[in-house]
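Every number in this text was worked out from the coordinates using simple rules, so none of it is lab data. Keep in mind that what you see is a predicted model, and the values were worked out from it rather than measured. Neighbour counts run over all protein chains shown; Cβ positions are idealised from the backbone, glycine included.
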Amino acid sequence: MLEHWRAWRAALNELSELERAEQERLRLADLWTMQRNEIASAALRPGEDAQLENERRVLRNVARLSEAVSAAYELLEESETSAAGAVAQALKRLEEAARIDSTLAPVAEALRPAQIAIQEASHELRHYLGNLEADPRRLEEVESRLALIERLKRKYGSTVEEILAFHDDVAARLAALESAGERRAALEAAIAEHEARYRELSLQLRELRQRAARKLSRRVQEELAGLAMPGAVFRILIEPCDPGETGMDRVGFLFSANAGEEPRPLDRVASGGELSRVALAIKTCMAPAETDSALTLVFDEVDAGVGGAAGEMIGRRLRELSRRHQVICVTHLAQIAGLELPFRHAPLEASACHILPVLLPPGVARQAIMTALKEQGIQTSVHYPPIHGFTHYQNLYPPGFDHGLPYTEEVAARELTLPLYPHLTEPQVATVAAALESCLSRES
């Protein structure tokens, strides 16, 4: 569905851009046509301007060139003291001497290429002089051609290559303008195809969402009943909305804390405690049961606005959830903090707190742990809850509830406080935690 949505939007955007620019392109079409025809009629060739410049210099200086080349040719070939004659005489003398002293043969061989070079140069100069002649008509043609190229340079580029590149660009624009109708038809067909497919898949997704919403609503409501909210009503509302990447549905949560009340948007009617329990219920229902796909679930201030029996039930649910997943929970309730969970240590910043309260596992002698830590230079202390805390818990739980005052006393007897002063570094904090773990492993 997402693929069709993106293709649909891309085609719509391209069609919009095509229609927006069409009027401007039509206005420029005549100009582009004139520019293309003007450059094409010139029939330019890459490097032509440099070649014509050289030819113009030659035609303007025929007399000077003839004089200079003739003098060079005479020095090489025609004069009595020509270079060709002198080299020939020198080579002849060396060959005679080499017949007497063979060590001169290499010198003669070194001179022979010079003789050949002079002969080739003389031949080229003679041919050049034969073709060199004043041609006023040709000079006029060259001047006219260079003037044309100069006019095109002022309009379309500083070199012949740039002029030709400009020609190719306007030709491509005209071709695109001529094929705009075909492109528009192709875009309209693509839009229709992707939109139809997107809407089809969106409707299928809506059916899946509605089916999942009914199932999840029922499960969340059952979970809420187990979190001291037996009369709560939870519904998932799926409403049509404008098309988007996630489909054509708007999903919302409706909630009522009391039976008989009309469910309304969760974010508007739920209190802090109710919202915490709804969040716990949703996470509990959506977390997979298989241990192979364990998740990390974070509950921040899950007990906000909650206390007493509701807090105990939340704690029990968190403990049950932690058997299948990693649960990180921030709480202020003794009912939750006092659950019998294995001891865990997480790295703490040294400046984050002054003390670290630790709940020892059942059966571990607190005094033995304190003594062992003291031997390692770590001072510990015990913070007993105030007496009004016991009274509070005793009055809060109903008669016969097995986790009232005795349970609170038992938890307090297992609490130990470690010092974590702000000046301690992170390695020192880790040392304290490692010492505690070591003592626990010996005592357990």
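Annotation: amide H of residue 249 within the under-5 Å range of 241, sequence separation 5 or more or interchain, hydrogens built in the peptide plane. Placing unit charges on the Cβ atoms of the charged side chains and taking the dipole of region 2-180 about its Cα centre, the candidate lying farthest along the positive direction among 50, 66, 4 is 4.
Peptide packing: for 201-211, 129-139, the average count of neighbouring Cβ atoms within 10 Å per residue gives the ranking 201-211, 129-139, highest mean first. Distance between the modelled labels on residue 150 and residue 326, one decimal in nanometres: 8.0 nm (7 Å Cα→Cβ projection). Dipole magnitude for region 1-112: about 220 debye, using +1 per Lys or Arg Cβ and -1 per Asp or Glu Cβ, origin at the Cα centre.
In terms of surrounding Cβ atoms within a 10 Å radius of their Cβ, 280, 254 rank from fewest to most as 254, 280.
Summarising the amide proton neighbourhood of residue 329: residues at separation of 5 or more, or on other chains, whose placed amide H is nearer than 5 Å comprise 299. Placing a pseudo-label 7 Å from each Cα along the Cα-to-Cβ vector at residue 203 and residue 40 gives an inter-label distance of 5.1 nm. Comparing Cα centroids, region 1-15 and region 182-207 end up 8 angstrom apart.
For q = 0.12, 0.16, 0.21 Å⁻¹, what log10 I(q)/I(0) does region 42-144 give under the Debye formula with an equal point scatterer on each alpha carbon and no solvent? Values, matching the q order: -0.60, -0.79, -1.04.
Just check region 2-180 against the gyration tensor rule for me: Cα atoms, a ≥ b ≥ c as the square roots of the eigenvalues, rounded for a/c under 1.5, and otherwise prolate or oblate depending on whether a/b exceeds b/c.
Taking the square roots of the gyration eigenvalues as a ≥ b ≥ c, region 2-180 is oblate.
Cβ crowding within 10 Å, taken as a proxy for footprinting-reagent exposure, orders 369, 314, 328 from fewest neighbours to most as 328, 369, 314. Going from the residue with the fewest nearby Cβ atoms within 10 Å to the one with the most, 177, 436 rank 177, 436.
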